[in-house]
1. With all pairs of different alpha carbon atoms counted, what Kirkwood hydrodynamic radius in Å does the range 111-167 show?
2. Rounded to the nearest 0.05, what FRET efficiency is calculated for Val48 and Ala125 with R0 set to 35 Å and r the Cβ-Cβ distance?
3. Excluding same-chain pairs closer than 8 in sequence, count the lysine pairs in the range 44-137 whose Cα atoms lie under 27 Å apart.
4. Report the relative contact order of the range 34-169, percent, no decimals, based on alpha-carbon pairs under 8 angstrom and at least 6 residues apart.
5. Could you calculate the contour length gain from Thr153 to Ala38, that is, 0.36 nm times the residue separation minus the distance between their Cα atoms, to one decimal place in nm?
Amino acid sequence: MHWPAGALFGTSVYLGLHYGNGPHSASYMTLLWMALIACWFAAFATCVGYRKRMHRLIVRDKLSDLSQMHWRVFEERVAQAFRFRGYVVERAGRADADDGLDLILHKHSMTTLVQCRHWKHRNVAVRDVREMHNLMKYHHASAVKIVACGDYTEDAWKFVTGKPFELIYGETLLAMLSDAQLPIDASVVPFRAPSSPPPMHHRARTAMHT
């Protein structure tokens, strides 16, 4: 039963048995208290479980809303979230986008590659993560971040162990996007989109210098 009903039921049973049948022995009262505590504990566990289920449903619905966005809108929200964190965001060129690279972040002389996986019910496979590892070495980048509406396979999680990878999904993604809606710190350098994507060889040299 719902947790308020369980707590009320336990209290009612206790009061009825305690005051309805005259005096009772000490052992009887001990059993009665144990039954009352058991009912209250069950009500507490039900309350906690209910809150967890509601939280999971809220997270699922919010992630579903993200997956319904146009991929370009989703990518822009992710870019804004990284700008809020102080990164200078550069959109990948057409050739890099075909390879799965969407954004290039610059901060503290470090280059980070970002891939946005705008999928609804699909886990990011280890093959895709491995491709980003190859791109990281090709661009001489410092780290990789993959942002997904879904989850990652177990092999993908194992592959990133000990590597400068961050796999963002679920509540972490929602929190990152939510923070980006706050007022932007004036000390953060604003992003200025270039008029045209810089050539790939220019980005490679920039990454090597950083």
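1. One decimal place: 11.3 Å for the Kirkwood radius.
2. Values: r = 35 Å, r/R0 = 0.99.
Computed FRET efficiency for Val48 and Ala125: 0.50.
3. On the way: Lys52/Lys62; Lys52/Lys120; Lys62/Lys120; Lys107/Lys137.
Lysine pairs, 8 or more places apart or on different chains, close enough: 4.
4. Relative contact order here is 19 percent.
5. My answer for the length gained is 37.4 nm.
Values quoted throughout were computed directly from the atomic coordinates according to the rules given, and no laboratory measurement underlies them. Note that the coordinates shown come from a computational prediction; the quantities given were computed from them, not determined experimentally. Ideal geometry is used to build each Cβ from the backbone, glycine not excepted, and the neighbour counts take in all protein chains shown.
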